[in-house]
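Right, one structure below, let's go through it.
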Amino acid sequence: MFNGASILVTGGTGSFGHTFIPMLLARYNPMKVIIFSRDEMKQWEMAKKFEGDSRVRFFIGDVRDRERLYRALDGVDYVVHAAATKIVPTAEYNPFECIKTNVLGAMNLVDACIDKGVKKLVALSTDKASSPINLYGATKLTSDKLFVAGNHYAGPNPTRFSVVRYGNVMGSRGSVIPFFMSIMDKGVLPITDERMTRFMISLEEGVELVWHAFEDMEGGEIYVKKIPSMKVTDLARVIAPKAKLEVVGIRPGEKLHEQMISAEDSYYTYEYPEHFKILPQINNWDKDANRIKNGKRVPDGFVYSSNNNSEWMTDSELQAWITQNQKKIGAI
């Protein structure tokens, strides 16, 4: 699919882009990969890694800027939408800015992709979009709905939109593993709640889910990868076995457990060997055989959350991952 194609990644200098771009170039031979983002310094630093590769291009811009998106999307075949304002407390205190990027930016992309004849877009979502309790989650749920409805909005145009949803990305900037590792020498790790659980997914697994979505999608599907869970207390114990755990309370907008499929979603959700698909409710697309394929309907009321998961990451599995990825934890 991507050989000879032109691919644009919004927010491409973030954690996802730093993993997606090298994997894409290694597995496929695209004509052009465009990193679209607003931070010139991050682009300058990232460009050093791809010096001499004429396939990689950098384009300064913001998804809030519709005209700039139209220019960036000239001749583009596929889009991965990774741009977002996503730090939960930041969004709580700066709601207007979060809405401009996550909601208005999604609207701009839907319009621009349709008008520019983009073939497919896959947007990155989050567990926080399922039964959201914070503004970030609410904006990502809205974004998800916009991309799902974009398939109807496109009318006779061939552009198709889908979404991938996953939880805590292991080792990414600002996530719990590099945070605990940065303060482990102090002998005390802050724990928001001893009951707290999180899904665990690597960036590489996230990239694979995006590729699967591009190959499988008819338009409007939300893909949810099956991944293991872990208690935050167990995670802390693996990282710093001798450290004291200090309970500090849940932050504003933070959930005790991550959720990726709600009970309300269950009526439209199908299960596959390695993932789930939430099918669109509009136009009876949830009954479309081309979207269902070989899926099996989940039971009514099914909830996929990090505390009721059937798969759990062991201490040894986490330790092996940390050892293998030591150099890049927190770097991207």
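Where a number appears in this text, it was derived from the coordinates with a stated rule and is not lab data. Please read all numbers here as calculations on a predicted model, not as lab measurements. Note that we place each Cβ from the backbone using ideal geometry, even for glycine, and neighbour counts take in every protein chain shown.
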message: With n ≥ 4 as the cut-off for DSSP H runs, can you work out [θ] at 222 nm for the chain, using -39500 (n - 2.57) per run divided by the number of residues, rounded to the nearest 500?
response: -10000 deg cm²/dmol
field: Radius 11 Å from Cβ of S305, net charge of other residues (Lys, Arg +1; Asp, Glu -1)
entry: 0
field: Whole-angstrom gap from segment 202-235 to segment 178-198, using each part's C-alpha centre
entry: 25
field: Centroid-to-centroid separation of segment 86-151 and segment 299-315 [C-alpha atoms, Å]
entry: 25
message: Using Cα springs under 10 Å in a Gaussian network model of the chain, which residue among K128, K48, K255 shows the largest mean-square fluctuation?
response: K48
message: Connecting C-alpha atoms closer than 10 Å in a GNM of the chain, tell me which of G206, G301, G61 has the biggest fluctuation.
response: G301
- prompt: Given labels modelled 7 Å from the Cα in the Cβ direction, how far is it in nm from D185 to E40?
  reply: 3.6
message: Checking the table K48/K328; K32/K120; K145/K225; K140/K296; K226/K296 against a 21 Å threshold on Cα-Cα, which pairs fail?
response: K140/K296
task: Sort the following peptides by mean Cβ neighbour count (other Cβ atoms within 10 Å, averaged over residues), highest first: 95-105, 259-269.
output: 259-269, 95-105
statement: Neighbours of A243 by Cβ distance under 11 Å: Lys/Arg at +1, Asp/Glu at -1, summed charge +2
message: Charges on Cβ only, +1 for Lys and Arg, -1 for Asp and Glu, centred on the Cα centroid of segment 189-332; of P280, I222, V232, which one is farthest towards the dipole's positive end?
response: V232
task: Provide the per-residue ³J(HN,Hα) series for segment 65-73, in order, calculated from phi with Karplus coefficients 6.51, -1.76, 1.60 and θ = phi - 60°, each as a whole number of Hz, with x at glycine and proline positions.
output: 9, 4, 5, 5, 4, 4, 5, 5, 8
- prompt: Calculated from the structure, Cα Rg over 2.2 N^0.38 Å equals which of (1) 0.98; (2) 1.06; (3) 1.02?
  reply: (1)
- line: For K49, the aspartates and glutamates lying under 16 Å Cα to Cα, once residues fewer than eight places off in the same chain are dropped, come out as E40
Kirkwood Rh and Cα Rg combined as Rg/Rh, segment 1-149: 0.97
task: Work out how much length Q324 to A289 would gain on full extension: take 0.36 nm times their residue separation and subtract the Cα-Cα distance, in nm to one decimal.
output: 8.5 nm
Whole-Hz couplings from phi, Karplus 6.51/-1.76/1.60, listed for segment 272-279; x for Gly and Pro: 10, x, 10, 7, 10, 10, 8, 8
query: Mind checking which of A47, A112, A82 has the largest fluctuation in a GNM of the chain, springs on alpha carbons under 10 Å?
result: A47
- line: Per the 1/(1 + (r/R0)^6) rule, R0 = 30 Å and r from the Cβ atoms of D111 and K49, FRET efficiency to 0.05 is 0.40
query: For F214, what is the net charge nearby, where nearby means another residue's Cβ is under 13 Å from its Cβ and Lys, Arg count +1, Asp, Glu -1?
result: -2
